[in-house]
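The values are calculated or read from the model by the stated rules, or taken from the named source; none is laboratory data. In this text the structure is predicted, and so the values were computed from the model without any measurement. As a convention, Cβ positions derive from the backbone with ideal geometry for all residues, glycine included, and neighbour counts pool all protein chains shown.
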Amino acid sequence: MRREIRQIVQGGSLTFFLCVVLVFAAGCVKKPKELPGGAEKKEGLPVLAQNMVYLTNRSEPVASKNLTFEDSPDPFKKDKEADFLEVKAD
Amino acid sequence: MKTQQTKTEQKWVRKLKGSVLSSLHNERGVALLSVYIASLIIGVVASATFGVSFSEMKHIEREVSRLQGYAAAEAGVQNAMAQISVNAYTGFININPIDVSDFQDVSGNSVGDYSVTINYPDEADWVIVQATANVQTETRSLEARIFLESNFSKYLVYADSTSFASGSDAQYGDPDYTDAYGDGEPDYPELVPPNEDDRASLYFTGDWVLSGSNVTLYGDAHAEGEIQATGSGDINGDTYSADYDENSSGAVTDSGVSGSVQVGDGFDDDEDRNGDFVVDSSDYPDYHDLTDAGEEDSHATETLVEIDHSFYATNNDTPDFVGASAQNRFLEFQKNGAQTEIVEYSNNQYSTQIGSQTIPSSAIVYVKGDIYVKGEIEGRVTVVSSDDIFLVDDVSYSNGQKYADADHSTAFLAKDKLFFLNNNLETSGILYAENSSNSSVCFDANYNTNLAYDPNSKNDLHLYGNRVINGSTNLSLYDDRIYGYDKNLRYYRPPGIPVVPDLRIVREVDPPAGS
């Protein structure tokens, strides 16, 4: 009886050892870190967003009113504004 | 002797039998065998599991690489959009290729690389971007199509004014007599095509007032205020007014249009707004809302993209016209091969030639001062003045062509006002007056070719193009006015017209060969 118990213990040990080796081998397989997509990222940023440049509106529209006019006074122009009775329809 | 041998054999047989029988009876060795068999089974199962797991790992790694490749290609499209947007407000599209050899994630880890090619066919209204990314052994390629829209070329009239008046007999757009069936009758009931993108369109940031009689529009009208007919008119198309309103049940309480004006495009494409299962006049067919978002059947409000005068000065193809001080320039455009030759005269009588120069086929003419113009344009030419532009006589494309195409388009952009001098005038292209002096009218017909005040001698005005008006006009001084629409200007804009890029289509395509 003692002999059978010793054999069972030996066999079980061998099985356990094999399992440990297999688990260790499986653990050595390189696992993917994270899936891209970003929805689950804590920072709320897409994983690959660093180099992405998002379209933005022009922050400062070039204001034409900043331009300076160097045009000389134009007497003709004064005439143009003189007639306040002019038609204003297209 | 024989008996002795037989006894010995019998003894061995008995011993052997006893041993086997004893083993069978006491089951010695079965446990070890069972453990070995169980171990073998477990080992096989574990090996199979390991194999499946390994295979799935490989698949997942590949899938991750593919996803990263897609994301990297998307980043390439975004990068191209950003590159295009930088100068889009000037109308110039930067088509330089993009090459990112080390594309990194947010943690700074190298992911792969991507490259982008940008095509701008015919310098028209579409830009085609192809972004190809390499991640590990995976290569993915995306094609994006970016639509370039400009409200400088989109609308027959874009008027920024609290109230824009249209005088008697003004005609906006041209009737469309398409007869595809060949039955001798026009196909379109109100002579406008069913697709609104093919129609002329007006946009007013305030009210549009049909102050005269017999004002006619072949197309759609947009007003951020109301469309009022103090005179009379026909709108052969749809109206979009911000004053339009409905009650909670969908019944129209304010059409946004008032007065004696007929509205309708003649097509049965309208909805049953009040829910009575009949589309009739109570549903106000062809009347729509103008909203910020443009949801449902409404249209969205639009803001004009400002032009950048300093850009034109910097990219000027005629440096002779920009001196230290402003100067009037009297110019006539002539065809010279595939380009335009500008002949300069000494004064508005165009009698003494003082110089000439041939400009590139796609050119910006920037003048510091006033410009007086007439003649024929060859190529794509944008004429910009730091002050006023005077239309002395007809301006068309070469050989009398009226409408733009891939090789012909033009724009006249005045910092202040546009003057219509000749008593009979035909002009093609985009006309823009920024009205920097804040004059009461910025499209002015009060003066003749001798620059004399002569408002009552105007006869016929026929425009083939679009107008952007910052204020009002007095072009009703012309007895007959046809403001024709040139939809080709939406596609073949002259250089320097501000555009807004809009990403419309993204699809995966085969990577280019060798990538």
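Which of the following residues is assigned to a helix (DSSP H, G or I), within 25 Å of the chain's Cα centre (by Cα) and under 29 Å from B:Ser361 (Cβ atoms): B:Val77, B:Val86? Full working, then the answer.
Values: B:Val77 fails: under 29 Å from B:Ser361 (Cβ atoms).
Going through B:Val77, B:Val86 in turn, just one is assigned to a helix (DSSP H, G or I), within 25 Å of the chain's Cα centre (by Cα) and under 29 Å from B:Ser361 (Cβ atoms): B:Val86.
Please determine whether any residue of segment B:450-472 is in contact with a Cys (Cβ under 7 Å, 6 or more places away or on another chain) and assigned to a strand (DSSP E or B).
Checking segment B:450-472: at least one residue is in contact with a Cys (Cβ under 7 Å, 6 or more places away or on another chain) and assigned to a strand (DSSP E or B).
Name every residue in segment B:488-501 that is touching a Leu at 6+ places or on another chain (Cβ under 9 Å) and more than 14 Å from chain A (Cβ to nearest Cβ), in order of residue number. Walk me through how you get there before you give the answer.
Kept after step one, since they are touching a Leu at 6+ places or on another chain (Cβ under 9 Å), are these residues of segment B:488-501: B:493, B:496-501.
Hits for segment B:488-501 are B:Arg493, B:Ile497.
Out of everything in segment B:87-116 that is free of Cβ contacts under 8 Å to residues at least 40 places away in the same chain and of a type in the set (A, V, I, L, M), what residue ends up being farthest from B:Val383 (Cα to Cα)?
B:Val106
Suppose we filter B:Ser428, B:Ser440 for residues that are among the hydroxyl-bearing types (Ser, Thr, Tyr), surrounded by fewer than 24 Cβ atoms within 10 Å (Cβ to Cβ) and not assigned by TED's automatic domain parsing to the domain that holds B:Ser213; which single one remains? Break it down into steps so the answer makes sense when it comes.
On the way: B:Ser428 fails: surrounded by fewer than 24 Cβ atoms within 10 Å (Cβ to Cβ).
The conditions single out B:Ser440.
Specify which of the listed residues (B:Val44, B:Val35, B:Val64, B:Val52) is part of a helix (DSSP H, G or I), free of Cβ contacts under 8 Å to residues at least 60 places away in the same chain and within 30 Å of B:Val129 (Cα to Cα). Please lay out each step first, then the result.
Numbers: B:Val44 fails: within 30 Å of B:Val129 (Cα to Cα); B:Val35 fails: within 30 Å of B:Val129 (Cα to Cα); B:Val52 fails: within 30 Å of B:Val129 (Cα to Cα).
On inspection, the qualifying residue turns out to be B:Val64.
When you scan segment B:345-365, how many residues do you find that are in contact with an Asp or Glu (Cβ under 8 Å, 6 or more places away or on another chain) and not hydrophobic (A, V, I, L, M, F, W, C)?
Of the residues in segment B:345-365, the ones in contact with an Asp or Glu (Cβ under 8 Å, 6 or more places away or on another chain) are B:345, B:350, B:353-365.
Next, only the ones that are not hydrophobic (A, V, I, L, M, F, W, C) stay: B:345, B:350, B:353, B:355-358, B:360-362.
Number satisfying all stated conditions: 10.
Look at B:Gly69 and say whether it is touching a Gly at 6+ places or on another chain (Cβ under 8 Å) and more than 8 Å from chain A (Cβ to nearest Cβ). Show your work before the answer.
Numbers: touching a Gly at 6+ places or on another chain (Cβ under 8 Å): yes; more than 8 Å from chain A (Cβ to nearest Cβ): yes.
Yes.
With within 30 Å of B:Phe92 (Cα to Cα) and either among the hydroxyl-bearing types (Ser, Thr, Tyr) or in a strand (DSSP E or B) (or both) as the only criterion, which of B:Glu302, B:Glu332 stands out?
On the way: B:Glu302 fails: either among the hydroxyl-bearing types (Ser, Thr, Tyr) or in a strand (DSSP E or B) (or both).
Exactly one residue qualifies, and that residue is B:Glu332.
In segment B:462-487, which residues are within 14 Å of chain A (Cβ to nearest Cβ) and of a type in the set (Asp, Glu)?
Listed by number, the residues that qualify are B:Asp479, B:Asp480.
Quick one: count up the residues across segment B:337-354 that are assigned to a loop (DSSP other than H, G, I, E, B) and among the β-branched types (Val, Ile, Thr). Outline the logic, then answer.
Taking segment B:337-354 as the starting set, the residues that turn out to be assigned to a loop (DSSP other than H, G, I, E, B) are B:337-338, B:346-352.
Narrowing the set further to residues that are among the β-branched types (Val, Ile, Thr) leaves B:352.
So the answer is 1.
Condition check ((1) at pLDDT below 95; (2) buried (at least 16 other Cβ atoms within 10 Å of the Cβ); (3) basic (Lys, Arg)) across all residues:
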{"residue": "B:Val305", "(1), (2), (3)": "yes, yes, no"}
{"residue": "B:Asp308", "(1), (2), (3)": "yes, yes, no"}
{"residue": "B:Thr314", "(1), (2), (3)": "yes, no, no"}
{"residue": "B:Thr318", "(1), (2), (3)": "yes, yes, no"}
{"residue": "B:Phe321", "(1), (2), (3)": "yes, yes, no"}
{"residue": "B:Ala326", "(1), (2), (3)": "yes, yes, no"}
{"residue": "B:Glu376", "(1), (2), (3)": "no, yes, no"}
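Only one of these is at pLDDT 90 or above, at the interface with chain A (Cβ under 10 Å from one of its Cβ atoms), touching a helix residue (DSSP H, G or I) at 6+ places or on another chain (Cβ under 8 Å) and outside any loop (DSSP other than H, G, I, E, B): B:Val127, B:Val111. Name it.
Values: B:Val127 fails: at the interface with chain A (Cβ under 10 Å from one of its Cβ atoms).
B:Val111 is the lone residue from the list that is at pLDDT 90 or above, at the interface with chain A (Cβ under 10 Å from one of its Cβ atoms), touching a helix residue (DSSP H, G or I) at 6+ places or on another chain (Cβ under 8 Å) and outside any loop (DSSP other than H, G, I, E, B).
Say we look at segment B:444-462 and pick out the residues that are of a type in the set (A, V, I, L, M, F, W, C) and buried (at least 23 other Cβ atoms within 10 Å of the Cβ); which of these is farthest from B:Gly484 (Cα to Cα)? Show your work before the answer.
First, the residues of segment B:444-462 that are of a type in the set (A, V, I, L, M, F, W, C): B:445, B:451-452, B:461.
Cutting the leftovers down to buried (at least 23 other Cβ atoms within 10 Å of the Cβ) gives us B:445, B:461.
Numbers: B:Ala445: 18, B:Leu461: 10 Å.
So the residue we want is B:Ala445.
Taking interchain pairs and intrachain pairs at least six residues apart, which have beta carbon atoms under 8 angstrom, with the first residue in segment B:275-289 and assigned to a loop (DSSP other than H, G, I, E, B) and the second of a type in the set (Ser, Thr, Tyr)?
What qualifies is B:Gly275/B:Ser249; B:Asp276/B:Ser282; B:Tyr284/B:Ser255; B:Asp286/B:Thr239.
So which pairs qualify, if the first residue must be in segment B:243-271 and closer than 15 Å to B:Asp297 by Cβ, the second must be among the hydroxyl-bearing types (Ser, Thr, Tyr) and surrounded by fewer than 14 Cβ atoms within 10 Å (Cβ to Cβ), the Cβ gap must be under 7 Å, and the two must be at least 6 apart or on different chains?
Partner pairs satisfying both residue conditions: B:Asp245/B:Thr253; B:Glu246/B:Thr253.
For segment B:179-210, name all the residues that are modelled with pLDDT of 95 or more and hydroxyl-bearing (Ser, Thr, Tyr).
Hits for segment B:179-210 are B:Tyr188, B:Ser201, B:Tyr203, B:Thr205.
When B:Leu503 is evaluated against the numbered criteria (1) modelled with pLDDT of 95 or more; (2) surrounded by fewer than 21 Cβ atoms within 10 Å (Cβ to Cβ), which criterion, by number, is the only one it fails?
(1)
If you take the residues of segment B:129-178 that are surrounded by fewer than 23 Cβ atoms within 10 Å (Cβ to Cβ) and within 12 Å of the chain's Cα centre (by Cα), which of them is nearest to B:Pro511 (Cα to Cα)?
Once the filter is applied, the top-ranked residue is B:Arg145.
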